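Worksheet: the structure to be examined is printed underneath.
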Amino acid sequence: MDSVRRRNPVSDCPLTAALAALGGKWKLIIVYWLAEQPRHFAGLRQLMPAISQKVLTEQLRELIADDIVHREATGEVPSPVVYSLTAYGRSLTPVVETVRSWGRGHIERFGE
């Protein structure tokens, strides 16, 4: 983590720190899709058609800065980039599954 410049200082409050790292509409969804397998930018866009290219780029940069996502250029020409979860990012898998489970119950409860 030393080589990564953090966007914001970490709060002393664990919930505030978690929301600072994972807040926003797309970050947990990105983590969910990357937990399945590493993906190219275009593959993520296909899985999340409602996200704009600009927002996906911003969210990925923030996740990289927080050491949750790793960005690797493949070295091919043209050089596609592959995004994957870091070991630290993989620690979020149970969190994502818990939120998904809660969301499923919320949909059933309110029919949304």
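Every number in this text was worked out from the coordinates using simple rules, so none of it is lab data. Just so we're clear, the structure is a prediction, and the values are computed from it rather than from any experiment. Please note: Cβ atoms are built from the backbone with ideal geometry, for glycine as well, and neighbour counts cover all protein chains shown.
Once the chain from Arg100 to Val81 is taken as fully extended at 0.36 nm per residue, the excess over their C-alpha distance is 4.1 nm.
Can you give the relative contact order of the chain as a percent, counting alpha carbon pairs under 8 Å and 6+ residues apart?
Values: 97 pairs, mean separation 31.0, N = 112.
It comes to 28 percent, rounded to a whole number.
Quick one: plug the Kirkwood hydrodynamic radius of region 26-110 (C-alpha pairs) into Stokes-Einstein at 37 °C, 0.692 mPa s, and report D in µm²/s.
Answer from the Stokes-Einstein relation: 241 µm²/s.
Beta carbons within 10 angstrom, averaged per residue: use that to sort the peptides 73-82, 13-22, highest first. Don't jump to the answer; show the numbers that get you there.
Working: 73-82: 9.6, 13-22: 13.5.
So the order, starting with the most tightly packed, is 13-22, 73-82.
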